[in-house]
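This report concerns only the one structure given below.
The values are calculated or read from the model by the stated rules, or taken from the named source; none is laboratory data. Quick caveat: nothing in here was measured; it's all calculated off a predicted structure. Cβ: placed from backbone, ideal geometry, glycine included. Neighbour counts: every protein chain shown. The protein model used for the area step is the full one, side chains on, heavy atoms only, and it has no ligands, DNA or RNA in it. Shrake-Rupley method; radii C 1.70, N 1.55, O 1.52, S 1.80 Å.
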Amino acid sequence: PQPSGFRARRVTVRLILDTSALVAYVAGDTRSVEVGELLLNVEENGDTTGVPALCLVEAYQQVSEQQRAKLLELVAEEEGPATLLPLPAADVGAVARLALRIPIAQAHAATEAAKHGAILGTYERKTYADSIATDDILDL
């Protein structure tokens with residue numbers, strides 16, 4: 001049972017950010033601004049940006065302590081600019097098969113993009129060469 005006045009919010013995931021995009025988001029340079037503007041654009045259209053959990057973990061390992069807090073803030077709030085996408089049991093097989101060809105975090109990102117019919121935002125297009133349609137990749 002939901003609290004009185006509760007209204008479920010249905011959102012559409014339109015953009016997936018991979019590890020490279022997440023690292024850029026917290027970099028504190030022009031790439032941060034570009035990714036931030038992209039997040040805002042998606043949000044203004046009433047949609048959301050998805051952050052695959054494995055990409056968040058991988059990015060967390062690559063950035064400084066201060067940047068780690070910003071990464072976690074990105075997905076911390078229910079009404080925030082991005083939604084954390086877990087790896088549900090139903091998707092493990094697809095991610096595992098794809099991870100035979102590309103790194104596991106990127107396999108999770110590609111699987112989420114396909115599952116949601118979303119665009120994959122990345123700085124590493126070539127990683128996804130045979131894994132996702134080229135039209136579904138946004139070069140950041």
How many residues, within region 12-31, are within 14 Å of Leu71 (Cβ to Cβ) and part of a strand (DSSP E or B)?
1
Residues that are in contact with a Pro (Cβ under 8 Å, 6 or more places away or on another chain) and either at pLDDT 95 or above or of a type in the set (Gly, Ala, Ser) (or both), at least 1 per element: which strands (runs of 3 or more DSSP E) completely within region 69-140 meet that?
82-85
Options Lys115, Lys70: the member that is within 11 Å of Ile16 (Cα to Cα) and touching a helix residue (DSSP H, G or I) at 6+ places or on another chain (Cβ under 9 Å)
Lys115
Tell me which residues, restricted to region 113-140, are exposed (fewer than 15 other Cβ atoms within 10 Å of the Cβ) and free of Cβ contacts under 8 Å to residues at least 24 places away in the same chain.
Gly117, Lys126, Ala129, Ala133, Thr134, Asp135, Asp139
Specify which of the listed residues (Ala94, Ala59, Ala99) is open to solvent by less than 30 Å² (accessible area, probe 1.4 Å), within 20 Å of Leu120 (Cβ to Cβ) and out of contact with any strand residue (DSSP E or B) (no Cβ under 6 Å at 6 or more places or on another chain).
Ala59
